[in-house]
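> Below is one structure. I have some questions about it.
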């Protein structure tokens, strides 16, 4: 029963409410229209604001972002007063930055929104933000490019040094080896063959044709002539000695029988013969000494010289000649072959392999450095796509303002109706 009464009272209240609203319908309509018209005047009297939006990719160096995107976003918001705007009279004429934010899921992209009373001003402001980012990054890019250019220049200088200095020096060294060292070796071989060996042959021939016959002649002369001549002289002096002795004996026998005068003459003769005897004896001894010297010294010395020449000097010369042919010339030929096959080949290999490999490596490094300068590896902050320009203003939103004003005016008019009705009742 109470529920029925409550429901009845509610029905009475709703009817009264609807009756009150219906009674004041003119006021509600007029008030709502008035609010709506005022909102329309407001919306159409406001200066239209146009918005330009762009997406920019943060520049990178060697695949690393030039600047941390969080720090860059914060810096741009502070510089362009995004979070704490200070509007002036001509702010929207010049354009303002309304929003700068990262794109979710893409850490290297920023979304930039600018607003102005014209698309052109908003576009210029948007370009100003991009230009500021690019200019702040340009110094880092420029320094990086300078480092790359200097490195490339050093690599090219190193290649030029290899081509102009190292290779030329090695080629000069090869030419010197070919023109001088090989020539010197050939000259030494020619000297050994044409001079030294010929000299040894001449020396051997001289010993065989002159020294040996000369020594033999000297020995034969001493044996067959000199000694015989000395012996003949000894015989001669021995005969003379006998004669002088016999004559001296005769004088000694006759001196006893002669007078004083004759004795005096005989004494003189005795003295002369004694001198002759002494002289002959001395001559004989001297000749015998000469024979002894010849037999015991001169002839053995000559025979020793002859044997030394035959068995030592000639053999040494023949050994020297054989050594020149089998050792010295062979060594020089091996040395020549070593110069041709080892030194020159190693120098040529150094040019063709080592230095060319070095040049190839340097060229590869230059290509790598040039790649680092390319857009794939080095890029300033740039616009992605095109600037998004709206042909219609984003502010004020006229339809939204009018719609909200209509709904608000309608609700407010009903509220005023109930309020006035409540005041009158009380």
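No lab work stands behind these numbers, since they all come straight from the coordinates. Since the structure is predicted, the reported quantities are computational estimates derived from the model, not experimental observations. Glycine also receives a Cβ, built like all others from the backbone with ideal geometry; neighbour counts cover every protein chain displayed.
> Which residues in the stretch 262-296 have a backbone N closer than 15 Å to a point placed 7 Å from the Cα of residue 240 along the Cα-to-Cβ line?
272-288, by backbone N distance to the label point.
> Can I ask one more? Could you check the spin-label model distance between residue 254 and residue 65? Points 7 Å from the Cα along Cα→Cβ, value in nm.
About 16.1 nm separates the two model spin labels.
> May I ask you to compute the full-extension gain from residue 29 to residue 398, defined as 0.36 nm times their residue separation minus their alpha-carbon distance, rounded to one decimal in nm? Could the numbers behind the result be given before it?
Numbers: separation 369, 0.36 × 369 = 132.84 nm, distance 2.08 nm.
Value of the extension gain: 130.8 nm.
> Gain in length, residue 146 to residue 315, computed as 0.36 nm per residue apart minus the alpha-carbon separation, to one decimal in nm? All intermediate terms of the calculation are to be shown ahead of the outcome.
Working: separation 169, 0.36 × 169 = 60.84 nm, distance 8.02 nm.
The residue 146-residue 315 span can extend by a further 52.8 nm.
> Assuming R0 = 30 Å, what is the FRET efficiency of residue 18 and residue 44, from their Cβ-Cβ distance, to the nearest 0.05?
Calculated transfer efficiency: 0.25.
> In whole Å, what are the Cα extents of the stretch 200-270 along the three principal axes, biggest one first?
So the three principal-axis extents are 82, 16, 7 Å.
> Moving on. Give me D for the chain in µm² s⁻¹, whole number, from Stokes-Einstein with Rh from the Kirkwood sum over alpha-carbon pairs, 37 °C and 0.692 mPa s.
Stokes-Einstein gives a translational diffusion coefficient of 86 µm²/s.
> Also, I was wondering about something else. Using a 7 Å offset from the Cα along the Cα-to-Cβ direction at both residue 87 and residue 422, what is the distance between the two label points in nm, to one decimal?
Going by the 7 Å Cα→Cβ label model, 3.5 nm.
> Can you tell me what percent of all Cα-Cα pairs in the stretch 166-371 are more than 23 Å apart?
Working: 15526 of 21115 pairs.
Above the 23 Å cut-off, the stretch 166-371 has 74 percent of its Cα pairs.
> Let me ask something else about it. Hey, what number do you get for the chain at 222 nm if only DSSP H runs of n ≥ 4 count, each worth -39500 (n - 2.57), divided across all residues, to the nearest 500?
Calculated at 222 nm, the ellipticity per residue is -22500 deg cm²/dmol.
> Still on this model: Determine the principal axes of the Cα atoms in the stretch 45-150, then give the extent along each, sorted from largest to smallest and rounded to whole angstroms.
Answer, in whole Å and largest first: 61, 29, 21 Å.
> Right, next: Which number do you get for Rg(Cα) / (2.2 N^0.38 Å) in the stretch 72-231?
Computed over Cα atoms of the stretch 72-231, the ratio equals 3.34.
> Can you tell me, using C-alpha contacts under 8 Å and at least 6 residues apart, the relative contact order of the chain as a whole percent?
Relative contact order of the chain: 36 percent.
> Another question about this same structure. Assuming 0.36 nm per residue, please report the length gained on full extension of the stretch residue 331 to residue 177 beyond their Cα-Cα distance.
53.7 nm
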